[in-house]
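> Below is one structure. I have some questions about it.
The values are calculated or read from the model by the stated rules, or taken from the named source; none is laboratory data. On a predicted model such as this, the values are computed, not experimentally measured, just so you know. Here Cβ is always computed from backbone atoms with ideal geometry, including for glycine, and neighbour counts include all displayed protein chains. Each accessible area value is taken on the protein alone, full model and side chains, heavy atoms only, with ligands, DNA and RNA left out. Shrake-Rupley method; radii C 1.70, N 1.55, O 1.52, S 1.80 Å.
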Amino acid sequence: MKKFKAIIFDMDGVLVNSEPHYIRMDKEIFKTLGLTISNEEHLTFQGSATDHMWRVLKEKYGLKAPISELVEMSNNLNYPYFESLKTIDPMPGVKKLIKFLNRKEIPIAVASSAYPGIIDILLTKTNLKKYFKVVINSTMVEKSKPAPDIFLLAAKSLNMEPEECIVIEDSTNGIQAAKNAGMYCIAFAGPGSEIQDQSKADRIITQFEEIIQSLQVLF
């Protein structure tokens, strides 16, 4: 197996189990707008940026509100909720992995489709922020996942070639984005990922300990 030099983490569904909240908040907004969105259609947006979701829904359902207003509706629900939490537990085992990578001096980054304010809140309240010098968000790239833009920028920011990076993802869109970027992808089959198609990942894990155990093979 090829030796790698860096790891890029998705945030929602990988570092923290935040996806169920986003789903609940989206459903509230859909109801307010009079939209009937099936669970199957809703889940196709998991891993993508909020503005991408609203752009697709606006075109499909003829929504009159501008994208900026729709995004603001989402943020007006998400920001207060996460801010109201004193602490947020990281995904089980992920902090141990990050500390291990830090001790081994293996470069790491976050590449998330979330907005910068949400990323900052979640990384701060999980006490993970101090470990990540490189944090890439959806506003820094032109196209959302499954486009490769966010992972390519993360690799560039780490001074790595794409093929030198491992991506840890949970969503179908995120996995496709990693593969489109030419990167090795490990899918985390954690809470909320049960309905995501992870078949295109190079490897699927259920515990982050599995990465620690195989680190000598990967790096």
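> Pick out the one residue from VAL71, VAL94, VAL56 that is farther than 25 Å from LEU123 by Cβ and either touching a strand residue (DSSP E or B) at 6+ places or on another chain (Cβ under 9 Å) or of a type outside the set (Ser, Thr, Tyr) (or both).
It is VAL56.
> Quickly run through the stretch 18-31 and pick out the residues that are of a type outside the set (D, E, K, R) and either without any contact (Cβ under 8 Å) to a residue 40 or more places away in the chain or on the phi > 0 side of the Ramachandran plot (or both).
Answer for the stretch 18-31, where residues must be of a type outside the set (D, E, K, R) and either without any contact (Cβ under 8 Å) to a residue 40 or more places away in the chain or on the phi > 0 side of the Ramachandran plot (or both): ILE23, PHE30.
> Out of the residues in the stretch 71-95 that are part of a helix (DSSP H, G or I) and of a type in the set (Asp, Glu), which is surrounded by the fewest Cβ atoms within 10 Å (Cβ to Cβ)?
The qualifying residue surrounded by the fewest Cβ atoms within 10 Å (Cβ to Cβ) is GLU83.
> Cβ contacts < 9 Å: first residue farther than 11 Å from THR172 by Cα, restricted to the stretch 194-211; second residue among the charged types (D, E, K, R) and not in a helix (DSSP H, G or I), any location; separation 6+ or different chain. Result?
As it stands, the answer is GLU210/ARG203, since those pairs meet every condition given.
> Restricting to the stretch 1-55, what's the tally of residues that are outside any loop (DSSP other than H, G, I, E, B) and farther than 21 Å from LEU153 by Cα?
Total satisfying the criteria: 24.
> Is it true that some residue in the stretch 145-157 is touching a residue at least 40 places away in the same chain (Cβ under 8 Å), polar (S, T, N, Q) and in contact with a Ser or Thr (Cβ under 7 Å, 6 or more places away or on another chain)?
no
Condition check ((1) of a type in the set (A, V, I, L, M, F, W, C); (2) open to solvent by less than 70 Å² (accessible area, probe 1.4 Å); (3) within 15 Å of GLY47 (Cβ to Cβ); (4) part of a helix (DSSP H, G or I)) across all residues:
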| position | (1), (2), (3), (4) |
| --- | --- |
| LEU97 | yes, yes, no, yes |
| PHE100 | yes, yes, no, yes |
| ALA109 | yes, yes, no, no |
| SER113 | no, yes, yes, no |
| GLY117 | no, yes, no, yes |
| THR139 | no, no, no, yes |
| LYS143 | no, no, yes, no |
| ILE175 | yes, yes, yes, yes |
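> Tally the residues that are without any contact (Cβ under 8 Å) to a residue 12 or more places away in the chain and farther than 22 Å from ASN137 by Cβ, restricting the search to the stretch 40-64.
Of the residues in that region, 6 qualify.
> In the stretch 175-196, which residues are in contact with a helix residue (DSSP H, G or I) (Cβ under 9 Å, 6 or more places away or on another chain) and modelled with pLDDT of 90 or more?
Within the stretch 175-196, ALA177, ALA178, ASN180, ALA181, GLY182, MET183, TYR184, CYS185, ILE186, ALA187, PHE188 qualify.
> Residues of the stretch 127-166 being under 15 Å from the mean Cα position of the chain (by Cα) and among the hydroxyl-bearing types (Ser, Thr, Tyr), which ones?
SER138, THR139, SER144
> I'd like the residue in the stretch 177-211 that is under 14 Å from the mean Cα position of the chain (by Cα) and assigned to a helix (DSSP H, G or I) and, out of all such residues, is surrounded by the most Cβ atoms within 10 Å (Cβ to Cβ).
ALA178
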